[in-house]
Amino acid sequence: MIAFIKGTVSSYGADWIVVDNHGIGYLMAYPHTDRVRLQQEISVHTYMHISENDVSLYGFESMEEKDLFMRLISVKGLGPKTAINMLTKAGYEAIIGAVETGNVAALKKMPGIGAKSASQIVLDLKGKLVAAPSAPGKPAENYPPEIRDAMEGLKNLGYKQNEASAAAKVMMESPGLSTAEYLRIGLRFLSK
């Protein structure tokens, strides 16, 4: 198996990249094409999926993200294409936040996830993702001070770090608000 690839980005699209490693181009599904540029040096953690009709490579920004992907595909009926689409569209923190809070409605909004799959994901994974750090490429210290304060407020109210981080991602969609407004957004997100 291919555990990781270091090289340069030779091309990319909406949900894939090609990493050139010593003249060999590795095509892989990749959830963060918005963060890459041509000829960028990159190290990608990978998972190779082999099935009867296909051999596919999936790339990840961090080991934590790969671990979440591996946990998702361990859920009955959830394949790698659905799991990578979840990471691409919803993101690491949103998935963890939805699973840990048992938010089936949020999971159902993710691509390829119906009510049965969402319930199965919560059933299989809730409580197993709590050691997750803040989102890859977006550590908590990069958030504006008002959002960091709102995250602290959520933790003081009894929410876990990963729940506060998932809420922070939603807060980032509304720039320039006060701490109190961000706290309300976070509470609304976590109470769904």
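Given points 7 Å out from each Cα along the Cα-Cβ axis, report the Lys76 to Gln40 separation in nanometres with one decimal.
4.0
State which entries of Lys6/Lys109; Lys128/Lys160; Lys6/Lys76; Lys6/Lys160; Lys108/Lys169 exceed 25 angstrom in Cα-Cα distance in the structure shown. Mind showing how you got there, number by number?
Working: Lys6/Lys109 34 Å; Lys128/Lys160 13 Å; Lys6/Lys76 32 Å; Lys6/Lys160 34 Å; Lys108/Lys169 18 Å.
Pairs exceeding 25 Å: Lys6/Lys109; Lys6/Lys76; Lys6/Lys160.
Please give the length that would be gained between Asp124 and Val18 if that part of the chain were fully extended, namely 0.36 nm times their separation in residues minus their C-alpha to C-alpha distance (nm, one decimal). Intermediate results must be reported in sequence, preceding the final value.
Working: separation 106, 0.36 × 106 = 38.16 nm, distance 3.31 nm.
Length gained between Asp124 and Val18: 34.9 nm.
Can you give me the relative contact order of the chain as a percent, contacts being Cα pairs under 8 Å and 6 or more apart? Spell out each step's value before the answer.
On the way: 299 pairs, mean separation 28.0, N = 192.
15 percent.
For region 100-130, which trypsin sites (Lys or Arg not before Pro) pass both filters: DSSP loop (anything but H, G, I, E, B) and at most 12 other C-beta atoms within 10 Å? Intermediate results must be reported in sequence, preceding the final value.
On the way: sites: Lys108, Lys109, Lys116, Lys126, Lys128; in loops: Lys109, Lys126, Lys128.
Sites meeting the loop and neighbour criteria: Lys128.
Tell me, what is a quarter of the convex hull surface for the C-alpha atoms of the chain, in nm² with one decimal? Walk me through the numbers on the way to the answer.
Numbers: hull surface 45.6 nm².
So the Cα hull casts an average projection of 11.4 nm².
Hey, rough spin-label estimate for Glu173 and Ser191, points 7 angstrom out along Cα→Cβ, what's it come to in nanometres?
Taking the two extended label points, one gets 1.8 nm.
Provide, as a two-decimal number, the C-alpha radius of gyration of region 27-66 over 2.2 N^0.38 Å, N being how many residues it has.
On the way: Rg = 11.4 Å, N = 40, 2.2 N^0.38 = 8.9 Å.
Ratio of Rg to 2.2 N^0.38 Å for region 27-66: 1.27.
Per residue, what volume in Å³ does the Cα convex hull of region 144-192 take up? Numbers along the way, then the final one.
Details: hull volume 2.9 nm³, N = 49.
With only Cα atoms used, region 144-192 gives 60 Å³ per residue.
Give me the aspartates and glutamates in straight-line cross-link reach of Lys155: C-alpha distance below 13 Å, same-chain residues under 8 apart excluded.
Glu163
Sort the following peptides by mean Cβ neighbour count (other Cβ atoms within 10 Å, averaged over residues), highest first: 16-27, 48-59, 77-88.
Values: 16-27: 14.8, 48-59: 12.8, 77-88: 19.7.
Put in order of decreasing packing, that is 77-88, 16-27, 48-59.
Does region 1-51 come out rounded, prolate or oblate, given a ≥ b ≥ c as the square roots of the eigenvalues of its C-alpha gyration tensor, rounded meaning a/c under 1.5 and, failing that, prolate meaning a/b above b/c? Spell out each step's value before the answer.
Numbers: a/c = 1.77, a/b = 1.23, b/c = 1.44.
Because a/c hits 1.5 or more and a/b fails to exceed b/c, region 1-51 counts as oblate.
Counting DSSP beta bridges in the chain, what percent are antiparallel, to the nearest 5?
Working: 21 of 22 bridges.
Counting only bridges with both partners in the chain, antiparallel ones make up about 95 percent.
Which of Phe4, Phe189 comes first, and how do the rest follow, when ranked by fewest Cβ neighbours within 10 Å?
Working: Phe4 12, Phe189 22.
Ordered by Cβ neighbours within 10 Å, fewest first: Phe4, Phe189.
Just so you know, all these numbers are worked out from the coordinates, no wet-lab data involved. Remember, it's a predicted structure, so these values are computed and weren't measured experimentally. Because the Cβ atoms are built from the backbone with ideal geometry, glycine has one as well, and the counts that use them run over all protein chains shown.
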